[in-house]
1. Starting from residues that are touching a residue at least 12 places away in the same chain (Cβ under 8 Å) and either part of a loop (DSSP other than H, G, I, E, B) or surrounded by fewer than 19 Cβ atoms within 10 Å (Cβ to Cβ) (or both), keep the ones in segment 324-342 and report whichever is nearest to the chain's Cα centre (by Cα).
2. Name the single residue that is nearest to residue 235 (Cα to Cα) among those in segment 89-127 being touching a helix residue (DSSP H, G or I) at 6+ places or on another chain (Cβ under 6 Å) and outside any strand (DSSP E or B).
3. If residue 79 meets every condition in (1) crowded, with 17+ Cβ neighbours inside 10 Å; (2) free of Cβ contacts under 8 Å to residues at least 40 places away in the same chain; (3) within 17 Å of the chain's Cα centre (by Cα) apart from one, which number is that one?
4. Among (1) surrounded by fewer than 20 Cβ atoms within 10 Å (Cβ to Cβ); (2) in contact with a helix residue (DSSP H, G or I) (Cβ under 6 Å, 6 or more places away or on another chain), there is one condition residue 230 misses while meeting the rest; what is its number?
5. Is it the case that segment 91-104 has a residue that's more than 28 Å from residue 327 (Cα to Cα), within 24 Å of the chain's Cα centre (by Cα) and buried (at least 17 other Cβ atoms within 10 Å of the Cβ)?
6. Determine if segment 80-88 includes at least one residue that is assigned to a loop (DSSP other than H, G, I, E, B), out of contact with any helix residue (DSSP H, G or I) (no Cβ under 7 Å at 6 or more places or on another chain) and under 28 Å from residue 143 (Cβ atoms).
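Each value in this text was obtained by applying a stated rule to the coordinates, not by laboratory testing. From a predicted model like this one, the values you see are computed outputs, not experimental measurements. Ideal geometry is used to build each Cβ from the backbone, glycine not excepted, and the neighbour counts take in all protein chains shown.
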């Protein structure tokens, strides 16, 4: 690991920035440190290796910062301003775009109002039918223009779907009997394995129909802004951001896997009405057709992945006790939802 000690601490201080900043807020995910500064957001990748991603060297983090810009330009290009260096001068001071040795990199983005995040609006009951219809139309347009072809299909083919599930089971096995019920976990695993075994031809048909595209890969309400009022650096409207850049085996997938993610998330927030409306609006906009069981399968997959991601926080030294307790509760909720979907296919 070559992550320079002091980078996070430095970016919590106003003097580290070349522009005026307001209150600096640090948000952590399992793979990133995100600094909110007022007008701009700076995202620094953690030096982690989860198997499906490897950010353990500066070179790799720089590469994936640039990849993050590339994959997001098609759907949220106006938010992504570029990759900027974090430097350390002769005095040892660490700054963004300063003088001296480059010790880290950050993705620079326009900061949108946090109260406009769809997840927060859902919790307040302020997401409406027209919003999910607009999101569906935007996603359908994005999918229509997304990269496809032999290489993309190879990354999202049946074999990769199987590998993703194998990795899911491997990386969550330690939760059995501790965070989730062991018998329920094994029943879900058996259902998934049976579906994969018995429905291989269905996956092959989707491949032949070029339903595998370079998708968003992380399409949930925490990655969508619904901005009601314009600001200095942004307009009002829908912003979908944070598409997956770190592994094509996740981003290259059946378009239905993208749709299923947000549908699952709306179900999770107990808004089945919006979930159904979103899927219907997407079908209308894209002229897509699919077996209902396949949608339930991908919803199960997305709920299980969210469970897995939350479980990583339980073993992350940078995550505090209170956040770990919140993650523990979410692990249980997402697992219950995954089991519910598994009962439908």
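1. Quick first cut of segment 324-342, residues touching a residue at least 12 places away in the same chain (Cβ under 8 Å) only: 327-328, 330-335, 337-339, 341-342.
Okay, now just the ones that are also either part of a loop (DSSP other than H, G, I, E, B) or surrounded by fewer than 19 Cβ atoms within 10 Å (Cβ to Cβ) (or both), so 328, 330, 332-333.
Working: 328: 19, 330: 16, 332: 19, 333: 18 Å.
Ranking the candidates gives 330 first.
2. Restricting to residues being touching a helix residue (DSSP H, G or I) at 6+ places or on another chain (Cβ under 6 Å) and outside any strand (DSSP E or B), the top hit is 118.
3. (2)
4. Residue 230 satisfies all of (1) surrounded by fewer than 20 Cβ atoms within 10 Å (Cβ to Cβ); (2) in contact with a helix residue (DSSP H, G or I) (Cβ under 6 Å, 6 or more places away or on another chain) except (2).
5. yes
6. So far as segment 80-88 goes, no, none of its residues is assigned to a loop (DSSP other than H, G, I, E, B), out of contact with any helix residue (DSSP H, G or I) (no Cβ under 7 Å at 6 or more places or on another chain) and under 28 Å from residue 143 (Cβ atoms).
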